[in-house]
Amino acid sequence: MSAAPAPAPVAVGPPLWLLLELTYRCPLHCVFCYNPTEFARTGAELATADWIRVLREARALGAVQLGLSGGEPLVREDLEELVAEAHALGFYINLITSGVGMTEPRIKALKLAGLDHIQLSFQDSTRQMNDFLSSTRTFELKEKVAALIRGHGYPMVLNVVLHRLNIDHVGEILAMAERMGAQYVELANTQYYGWAWLNRAQLLPSRAQLERAEAVTRSFRERVGNRMQIYFVVPDYFETRPKACMNGLGSVFLALAPDGTAMPCHAARMLPGLELPNVRAHGLREIWYQSAAFNRFRGEHWMKEPCRSCPERGKDFGGCRCQAYLLTGDADNADPVCELSPHHRLVTEAVAGAERAAAKPALLEQPLVFRDHRTSIPLVPGAAEPRR
């Protein structure tokens, strides 16, 4: 029997979008955090010199868009130095922050260093729910940071992650954004991996909640017109076709974890058998073009049916590999969000559970699992609940 032919080579462009997760340290304990639930076990953060080397190698590869996130990137004392280096290299730099740690001197220093853009997160429109969801007292601080951002000439960009506990407050959230002078608002419905996977039974909204929120958002858009750009990201579980995760893994996006682990998406650490390279041992060019991890889901050779013969495979690339793994236990399966997937019932059953919870909340009550740097909880495929 002759050996199976090797997959055809895939044309690979540069990593246009670079995300540096500078730290997993964070003063917040959000129940929907996308950081790995086992981040307590990860290695030491890269030193300043290592991050600067990464920036130079990424720019040489053709990266142009830079995100700085965490955890909370403001806990890094070298943040201004990293911004200055990235600015000198020609990156467009976006800081993704909770606002905790931002002060007048700090924002002045970041502006001077060349920071282009700040995205500020809120958990809700009220102090009570904002502080409950993050398990901190930060609402008033975030309001002050919003004023600092506006006062220093940055575009006012707010991000609010939506879920069952706050999606009915969309009207109030948008009104808050308007009062703050926001120009861009992202209402990003929770995607269920990381800590959100552990809390899915508590966070997944009902379809009625989602439809009400969309209606409120449409009405608000009509009223404010071009004064505010509002992005409402529907949760995957309510779709019938999957999204193109990162435009296809290994296509344009490269993320680096605080310990230097290189990933084709934010959550790829969870995927079994994916031996992720580290910038401590390998150059970024080698990682991007030659590593098995970044080539693993490029092209179509890895696809199973129904993806392999689906005419949409060049648009959605089979959907989210992490979602496929968490729901089915196999990262090669079609994303169960797709109605053509043999595992689609796993999504419809989860939505049905959210409907029951909305009708009779007491039936499905369970404690929320707050992000905790002292705890390491492995994610369990097929069950959105923590393993203790």
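The values are calculated or read from the model by the stated rules, or taken from the named source; none is laboratory data. If you're wondering where the values come from, they're calculated on a predicted model, not measured in any experiment. Calculation scope for accessible area: heavy atoms of the full protein, side chains included, ligands and nucleic acids excluded. Shrake-Rupley method; radii C 1.70, N 1.55, O 1.52, S 1.80 Å.
Surface listing: 117, 373, 163, 301 arranged by accessible area from highest to lowest gives 373, 301, 117, 163, probe 1.4 Å. The spread of Cα positions in the stretch 242-388, taken along each principal axis and listed from longest to shortest, comes to 53, 45, 21 Å. Taking the protein heavy atoms of the stretch 250-388 in the context of the full set of protein chains, the accessible area attributed to carbon and sulfur is 51 percent at 1.4 Å. Can you give me the C-alpha center-to-center distance between the stretch 31-104 and the stretch 241-270, rounded to a whole angstrom? Measuring centre to centre over Cα atoms gives 16 Å. Database remark: amide H of residue 329 closer than 5 angstrom to the amide H of 382 (H placed geometrically; neighbours at sequence offset of 5 or more, or on other chains; Pro and chain starts carry no H). Once backbone amide H atoms are built at 1.01 Å from N, residue 255 has 19, 263, 265 as its partners under 5 Å, excluding neighbours fewer than 5 places away on the same chain. Shown in residue order for the stretch 13-27 are the 3J(HN,Hα) couplings computed by the Karplus curve 6.51 cos²θ - 1.76 cosθ + 1.60 at θ = phi - 60°: x, x, x, 5, 10, 10, 10, 9, 7, 5, 7, 9, 5, 7, x Hz (x for Gly and Pro).
Only one item in [x] 19.0; [y] 39.1; [z] 20.1 matches mean projected area of the Cα convex hull in nm² derived from the coordinates shown, and that item is [z]. Close amide-amide hydrogen proximity is noted between residue 162 and 188, 189, 190, each under 5 Å apart and 5 or more residues distant or on a separate chain (H modeled in the peptide plane; Pro and chain starts excluded).
Helical content alone sets the calculated 222 nm signal of the chain at -9500 deg cm²/dmol, taking -39,500 (n - 2.57) per DSSP H segment of four or more residues and averaging over every residue.
Computed over the chain with a Gaussian network model linking Cα atoms closer than 10 Å, the most mobile of 290, 119, 183 is 290. Annotation: Cα Rg of the stretch 80-220 relative to the compact-globule expectation 2.2 N^0.38 Å equals 1.13. Couplings 3J(HN,Hα) of the stretch 45-55, computed from phi: 5, 4, 7, 3, 4, 5, 5, 5, 4, 4, 4 Hz, in residue order, whole Hz [Karplus 6.51 cos²θ - 1.76 cosθ + 1.60, θ = phi - 60°; x for Gly and Pro].
Ligands, DNA and RNA left out, the 1.4 Å accessible surface of the stretch 1-148 is 60% carbon and sulfur atoms. Shape summary of the stretch 142-234, radius of gyration then Dmax from alpha carbon positions: 14.0, 41 Å.
The heavy atoms of residue 85 offer some 40 square angstrom of accessible surface to a 1.4 angstrom probe.
What the chain shows is 44 Å² of accessible area per residue, with the surface traced by a 1.4 Å probe over protein heavy atoms.
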